[in-house]
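The values are calculated or read from the model by the stated rules, or taken from the named source; none is laboratory data. In this text the structure is predicted, and so the values were computed from the model without any measurement. Counting neighbours? That spans all protein chains shown, and the Cβs are built from the backbone with ideal geometry, glycine included.
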Amino acid sequence: MERYTFAILVRNQFGVLNRVTSMFRRRQFNISSLTVSETESADLSRITVLFDGDEQAKQQLKSQLYKLPDIKVVSELDRESTVNCELLLIKLANSSAVARNDILDAAGAFDAKVMDYTRDAIILQLVGESRHIDNFIDLMRDYEILEICRTGVVSLQRGSAVMRNVTRL
């Protein structure tokens, strides 16, 4: 199975996200990451979906998505021509001076930012590619992780290309 990223430009209306995700469910794709936000235009939203599947099913899914009335553009994004990142917030127990120093050293090595610091817990923020975040989480498993909150992948094409210039009416 291959991993694919679709950026989907849709009308910013009630129920559109449900219709899009239902299409993935009906085609039996497991969504690994999903982010949704309003775009530079309040009339449009951008859905970025990371999923696994095969080439033929992916092409069929893309065709089916275009049949939905609120879809403007479905663009497949590849790693070489896009900038990708995620946001991680991780809360760790602040239980001992040794653990605290190790956690803060690792945070520095990964360019994580301390967002909150109390006697009981440390919250770190890390922004980067998924693999970078995965590696940081794996390293933090040696300590007491209290909570993890992670966004989905956000991606933009490099250069001056923009999705709205190829909007389908």
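Each row is one residue, and each column tells you yes or no for (1) over 26 Å from ARG46 (Cβ atoms); (2) surrounded by 13 or more Cβ atoms within 10 Å (Cβ to Cβ); (3) assigned by TED's automatic domain parsing to the domain that holds VAL49.
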position: LYS72; (1), (2), (3): no, yes, yes
position: ASP111; (1), (2), (3): yes, no, no
position: GLN125; (1), (2), (3): no, yes, no
position: HIS132; (1), (2), (3): no, yes, no
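Show the residue pairs meeting these rules: Cβ distance below 8 Å; 6+ apart or different chains; first residue within region 108-128 and over 14 Å from ALA93 (Cα atoms) and without any contact (Cβ under 8 Å) to a residue 12 or more places away in the chain; second residue assigned to a loop (DSSP other than H, G, I, E, B) and among the charged types (D, E, K, R).
Going by the 8 Å Cβ cut-off, there are no qualifying pairs.
For GLU86, state whether it is touching a His at 6+ places or on another chain (Cβ under 9 Å) and outside any helix (DSSP H, G or I).
Yes.
Considering only residues that are in contact (Cβ under 8 Å) with a residue 60 or more places away in the chain and assigned to a helix (DSSP H, G or I), look in region 132-165 and name the one that is nearest to TYR4 (Cα to Cα).
It comes out as MET163.
Taking the residues in region 38-68 that are in contact (Cβ under 8 Å) with a residue 40 or more places away in the chain and of a type in the set (Gly, Ala, Ser) as candidates, determine which candidate is farthest from CYS149 (Cα to Cα).
My answer is SER41.
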